[in-house]
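> Starting off with a structure, shown below.
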Amino acid sequence: MISSHILDTHLGKPAGDVVIKLYDAQHNLLGHALTNQDGRVSDFGLQSLSVGEYQLEFEIAAYFAAQNISTFFPKVCICFFIAQENEHYHIPLLISPYAYSTYRGS
């Protein structure tokens, strides 16, 4: 299972209503979700994922535009590798208008 969480470090709050898309290594869209008001997506509605490379694409331009904040990064794309099919992979994202960071969460 893949989950995510977005925290807006500029405003010090979760980033709600952000579209996140999940792609496989061939850039086929596997699923998409909208973060809730706590900035979270618990899953992308998939039953299982195989070992391999995947990408999450975070559409953050609309999030910042809704708050009248310009951003240098319209999207954040994070490539990651699933090594164990039955494991939970949590990919958090910290955003601000001119920076972002990520890590493997738990």
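Just so it is clear, none of the values below were taken in a lab; they were calculated from the coordinates. Predicted, not measured: the structure shown is a model, and the values here were computed from it. When we count neighbours, we look across all protein chains shown, and the Cβ atoms used for this are built from the backbone with ideal geometry, even at glycine.
> Between ASP24 and CYS77, what length comes free when the chain is fully extended (0.36 nm per residue of separation minus the Cα-Cα distance, one decimal in nm)?
Working: separation 53, 0.36 × 53 = 19.08 nm, distance 1.24 nm.
Between ASP24 and CYS77, full extension yields an extra 17.8 nm.
> Can you show me the helix-derived [θ] at 222 nm for the chain, built from DSSP H runs with n ≥ 4 at -39,500 (n - 2.57) apiece and divided by the number of residues, rounded to the nearest 500.
-1000 deg cm²/dmol
> How large are Rg and Dmax for the chain when calculated on the C-alpha trace, in angstrom?
13.4, 41
> Counting only C-alpha contacts under 8 Å and six or more residues apart, can you give the relative contact order of the chain as a whole percent? Numbers along the way, then the final one.
Working: 243 pairs, mean separation 32.7, N = 106.
Computed over the chain, the figure is 31 percent.
> Continuing with the same structure: Over the chain, with a Gaussian network built from C-alpha contacts below 10 Å, which listed residue (LEU56, LEU93, LEU46) shows the highest mean-square fluctuation?
With Cα springs under 10 Å in the chain, the top fluctuation among LEU56, LEU93, LEU46 is at LEU46.
> Next up: About the Cα centre of the chain, how large is the charge dipole given +1 on each Lys and Arg Cβ and -1 on each Asp and Glu Cβ? Please answer in debye to the nearest 20. Could the numbers behind the result be given before it?
Values: 5 positive and 10 negative charges, 52 e Å.
Rounded to the nearest 20 debye, it is 240 debye.
> Next question, about the same structure. Quick one: which residues, 5+ away or cross-chain, put their amide H under 5 Å from the amide H of ASP8? H built at 1.01 Å from N.
Under 5 Å from the amide H of ASP8 lie the amide H atoms of LYS13, ALA15, ILE95, each far enough along the sequence or on another chain.
> If you don't mind, another one. Among GLN26, ILE69, ALA83, whose Cα sits farthest toward the positive end of the charge dipole of the chain (+1 at Cβ of Lys/Arg, -1 at Cβ of Asp/Glu, about the Cα centre)?
In the chain, that residue is ILE69.
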